[in-house]
1. Quick one: which residue in 105, 140 is more than 18 Å from the chain's Cα centre (by Cα) and in a loop (DSSP other than H, G, I, E, B)?
2. So residue 106 passes all but one of these: (1) farther than 20 Å from residue 49 by Cα; (2) at pLDDT 90 or above. Which condition number does it fail?
3. Regarding residue 116, is this residue surrounded by fewer than 19 Cβ atoms within 10 Å (Cβ to Cβ), aliphatic (A, V, I, L, M) and in a helix (DSSP H, G or I)?
4. Out of (1) closer than 22 Å to residue 62 by Cα; (2) at pLDDT 90 or above; (3) buried (at least 17 other Cβ atoms within 10 Å of the Cβ), the odd one out for residue 150 is which?
5. Need pairs with beta-carbon distance below 8 Å; first residue hydroxyl-bearing (Ser, Thr, Tyr) and within segment 155-167, second open to solvent by less than 40 Å² (accessible area, probe 1.4 Å); sequence gap 6+ or separate chains.
6. Give me the pairs: first residue in segment 78-91 and farther than 19 Å from residue 45 by Cβ, second residue open to solvent by 30 Å² or more (accessible area, probe 1.4 Å) and modelled with pLDDT of 90 or more, beta-carbon distance under 8 Å, and six or more apart or on different chains, which are they?
7. When only residues in segment 131-141 that are modelled with pLDDT of 95 or more and open to solvent by 20 Å² or more (accessible area, probe 1.4 Å) count, which is farthest from residue 40 (Cα to Cα)?
8. Taking the condition of being of a type outside the set (Lys, Arg), open to solvent by 60 Å² or more (accessible area, probe 1.4 Å) and either part of a helix (DSSP H, G or I) or touching a helix residue (DSSP H, G or I) at 6+ places or on another chain (Cβ under 9 Å) (or both), how many residues in segment 93-102 meet it?
Amino acid sequence: LMIGGEHGFGAGGWVDTEIEKVMPVNSTPKGYDRSLGLIVLLDSSGSMAGFPIEYARKAVKEIIGLMRGRWLGVINFSHVPEVAVSFQVVGSDSYVVKQDIEGIEATGGTLFYQPMAMALNILSKVQLDQKHILMLSDGEAADFFMVRSLYEQLDHAGINVSTMAFGRY
């Protein structure tokens, strides 16, 4: 016996499992058949030290768990961006990818332009129904004004951008 609400089976992680195969319901959420590429930009600058970087790493690990079967990449950035997880389809071995996130430490300054440009470059080269950049940051960037020059390119490429604030700002 399994009991679940309107959003319980797909969101509960039962998609493509042995349990789903024996249940008389389909666990795949509506719209899940659309291809999705997500690049998470994780601020690992010194201002993120302590709870902000801990919460940001935890958020990224949760996102990885939800992206099974979808395209995902993670770029951590401070004054220099670095690919933490190469852009790939997340498989059932996502625990390995999650371990890569745990080693990210907060240090250095904050620059937004380079990681945004890297994400734009990666997502512009792939054919997907949905392309998204999610920036996790405390918002203290020395070059924030430069990011505006990327807006038109992001729009033209059909890439949506969301931000999630961490810290006290």
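The values are calculated or read from the model by the stated rules, or taken from the named source; none is laboratory data. Given the structure is predicted, the values throughout are model-derived calculations rather than measurements. Cβ sites come from the backbone with ideal geometry, for glycine too, and all protein chains shown count toward neighbours. We work out accessible area using only protein heavy atoms, side chains counted, and drop any ligands, DNA or RNA first. Shrake-Rupley method; radii C 1.70, N 1.55, O 1.52, S 1.80 Å.
1. Numbers: 105 fails: more than 18 Å from the chain's Cα centre (by Cα).
Only one candidate qualifies: 140.
2. (1)
3. Numbers: surrounded by fewer than 19 Cβ atoms within 10 Å (Cβ to Cβ): no; aliphatic (A, V, I, L, M): yes; in a helix (DSSP H, G or I): yes.
So residue 116 fails the test.
4. The single condition residue 150 does not satisfy is (1).
5. 162/133; 162/134; 162/135; 163/134; 163/135; 163/136; 163/137
6. Cβ pairs passing all conditions: 87/71; 87/122; 87/126; 88/71; 89/71; 90/71.
7. Among those residues, the one meeting the criterion is 131.
8. First, pick out the residues of segment 93-102 that are of a type outside the set (Lys, Arg): 93-97, 99-102.
Filter once more, so that each one left must be open to solvent by 60 Å² or more (accessible area, probe 1.4 Å): 93, 95-96, 99-100, 102.
Then keep just the ones that are either part of a helix (DSSP H, G or I) or touching a helix residue (DSSP H, G or I) at 6+ places or on another chain (Cβ under 9 Å) (or both); that gives 95-96, 99-100, 102.
Adding up the residues that qualify gives 5.
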